[in-house]
Every structure is written in structure tokens, then in C-alpha cells.
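The values are calculated or read from the model by the stated rules, or taken from the named source; none is laboratory data. This is a predicted model, so every value here is computed, not measured. Cβ placement follows ideal geometry from the backbone for every residue including glycine, while neighbour counts extend to all protein chains displayed. Side chains are part of the model used for accessible areas, which takes the heavy atoms of the whole protein and leaves out ligands, DNA and RNA. Shrake-Rupley method; radii C 1.70, N 1.55, O 1.52, S 1.80 Å.
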Amino acid sequence: MSSPRSVRNEKDSKRNFEIQRIETFSDGVFAFAVTLLIVSLEVPKSFEELLITMRGFFAFGISFLLLVMIWNEQHRFFRNYGLEDIWTITLNGTLLFIVLFYVYPLKFLFSLMFSEQIYGAHNSPFTIKQSQVPLLMMIYAQGFMAIYSLFFLMYLHASRNATKLGLTPVEKFDCRTGMYRILIMVIAGLISFITALILNNDKAGIAGFAYFLIGPAIAIFFARRMRVKRKLFQHVKP
């Protein structure tokens, strides 16, 4: 007769150990997205062009970091829950599509932000009218909200399939915690979108500061959430 631990390990096999095809495909898509960030960079033909490319490192680095954050969120979800049903595949496929679609808007935004530092004053090939700034910020916010809304739905789906996945009470709590954490990201994007929508053209850039609220908001949320977790599961052995 199998022990409870062996039964649990059977349930957890896909969640913790087995790399699924959906993850392999996703890794390939994320790798291609990083390639799209790089592909527009031509080999410098002069030392001046090399310096311009080097100065663009920071803008490229931010774009790369945001892609890694999205990849890590997706990787953590599949390692924890290992779902591969049609609903998960649909949500994940939509997520990958949006990631690929928003690579160039992402790079354009951060290259524009640091254009004077990269190319010098009035020499940037990246141009935008002041009246177009709100729309640019709203496009970025829409992409941000769409990506993290899909993550929210994925966590919600995992929570609803807790019994099928064999989640423990602690894991169920952690799943809901992840879902609420993702919701904070969505709300930050919504705040940025609304800010860009209502502000004048010359102040629309302020909408970007909404994303700086994410760090403090998540820190406060986790501090409170962990206190609740300790009270609920203080007698539960790991």
C-alpha cells in the first residue's frame, strides 16, 4: 500500500519535475522575443556608431529585464501547477502572442526615453509628437494589463483545480496569494492607462510613475499576507 507521501509525489510529478511541451515551446517564443530586441541592432561601421550602440545598452537592458520578468512568472506558474489542459494552453498561447506583439513598442518606448543620452540632443532617430505621448503610454499600459490579466486568469484556473492538482491547504493559500499579487500589477497598469487618458499631452509621461507603485504595494501586501499565513498554518508541518 502506497504511503501518503508517495501518492503526493505522483500528483506533484508534473508540477515539480517534468518539463512539458508547453514550457519548451514557451521558452522558444521568449528566446525569439529577445532576438527581436536585438535584430534591429546593426553591426557598427564606425567607432562613433559603436559608442551609440553602447549607450543604448541601458534601454535594451530594461526591455530585456521586463521580458525576463514575464518569462520567470510563466516559468514559476508551470513549475508550481503543471497544468496543460486546453484552457491553460489557450491562455498561455495568447500570452505568448502578446509578448511577441509588444516587443517593438517596448523597445521603442525605452529607446525614446533615453534617446538624448544615446544619440545626443536633437540627433535621435526616434521621434514622437507631444500629442502622441498619451497614446504611447496607453499602448504600453494596455499590453502590460493584458499580459498580467492572462497570468491572473491562469492562477485563477489553478485555484479552481486545486483538488485535481492535489494542492495542500498551504499551496492553495499560496496560489491565491500569487493571484492577488498579479492583480496588483494589473491595477498599476490600469492606473497608468487612466492617468495617460486624463492628463494633458505635456504631462502624460507622469503615467509611467504608476509602475513604481508596484514594489511598495507588493511589499505591503506580502507582509500582511504572510502574517495571515502564519496564523492559519502555524501548526502545519512543511
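The figures follow:
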{"item": "The stretch 151-183, residues that are among the hydrophobic types (A, V, I, L, M, F, W, C) and either open to solvent by 30 Å² or more (accessible area, probe 1.4 Å) or not in a helix (DSSP H, G or I) (or both)", "result": "152, 153, 156, 167, 170, 183"}
{"item": "Restricting the stretch 209-238 to residues that are more than 17 Å from residue 182 (Cβ to Cβ) and either of a type in the set (Val, Ile, Thr) or part of a loop (DSSP other than H, G, I, E, B) (or both), the residue that is modelled with the highest pLDDT", "result": "228"}
{"item": "Options 194, 147; residue that is part of a helix (DSSP H, G or I) and surrounded by fewer than 19 Cβ atoms within 10 Å (Cβ to Cβ)", "result": "194"}
{"item": "Selected residue (only one of 187, 206 is of a type in the set (A, V, I, L, M) and modelled with pLDDT of 95 or more)", "result": "187"}
{"item": "Pairs, first outside any helix (DSSP H, G or I) in the stretch 89-108, second open to solvent by less than 50 Å² (accessible area, probe 1.4 Å), C-beta under 7 Å, six or more apart", "result": "102/143"}
{"item": "Selected residue (only one of 54, 1 is assigned to a loop (DSSP other than H, G, I, E, B) and either at pLDDT below 85 or acidic (Asp, Glu) (or both))", "result": "1"}
